[in-house]
């Protein structure tokens, strides 16, 4: 529910492109949780990809116009979408990890 509310707020104040990209890139959060909690290993290419995803959130909100009136779209709602959706995907991934998929 929190993820949906964050998504609708981000659509209101930021660009659709940045919001949807953050939604798609949130897959990196379950990967990081898998590495941290379950001892999974990432290849160097995967590690670089995860770092690039995290760095890419800020430039996604820039409008690209050099005029002073064109300010970047708010990044906080986009980051909240990224985190909330990532946590939701992590929760889905935890079901088989804890052996609850038979229930």
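Read-outs throughout are calculated quantities, based only on the coordinates presented, and are distinct from any laboratory measurement. Only a predicted model underlies this, so the values are computations on that prediction, with no experimental measurement involved. We place every Cβ from the backbone using ideal geometry, glycine too, and count neighbours over all the protein chains shown.
If the viscosity is 1.306 mPa s and the temperature 10 °C, what Stokes-Einstein diffusion coefficient in µm²/s follows for region 1-61 when Rh is the Kirkwood radius over Cα pairs? Walk me through the intermediate numbers first.
Details: Rh = 12.8 Å.
My calculation gives 124 µm²/s for D.
Taking only DSSP H segments of four or more residues, each worth -39500 (n - 2.57), what value at 222 nm results for the chain once the sum is divided by all its residues, to the nearest 500 deg cm²/dmol?
Values: 5 runs with 72 residues, N = 103.
Counting only the DSSP helices, I get -22500 deg cm²/dmol.
Using only Cα atoms, tell me the angle between helix 16-25 and the longest principal axis of the chain; keep it within 0 to 90° and round to the nearest 10.
Roughly 20 degrees between the two axes.
Sort 54, 84 by Cβ crowding within 10 Å, fewest neighbours at the top. The partial results should precede the final answer.
Details: 54 14, 84 22.
Lowest count first: 54, 84.
Name the shape class, rounded, prolate or oblate, that the alpha-carbon gyration tensor gives for the chain, where a ≥ b ≥ c are the square roots of its eigenvalues, rounded holds for a/c under 1.5, and otherwise prolate holds if a/b is larger than b/c and oblate otherwise.
Details: a/c = 4.15, a/b = 1.69, b/c = 2.45.
Because a/c hits 1.5 or more and a/b fails to exceed b/c, the chain counts as oblate.
By counting other Cβ atoms within 10 Å of each Cβ, how are 76, 57 ranked from fewest to most? Kindly include the intermediate steps, with their values, before the conclusion.
Values: 76 13, 57 17.
Ordered from fewest to most neighbouring Cβ atoms within 10 Å, 76, 57 come out as 76, 57.
In which sequence would 79, 53 go, from the one with the fewest C-beta neighbours within 10 Å to the one with the most? Before the final figure, lay out the partial values.
On the way: 79 16, 53 20.
Taking fewest neighbouring Cβ atoms as first place, the list is 79, 53.
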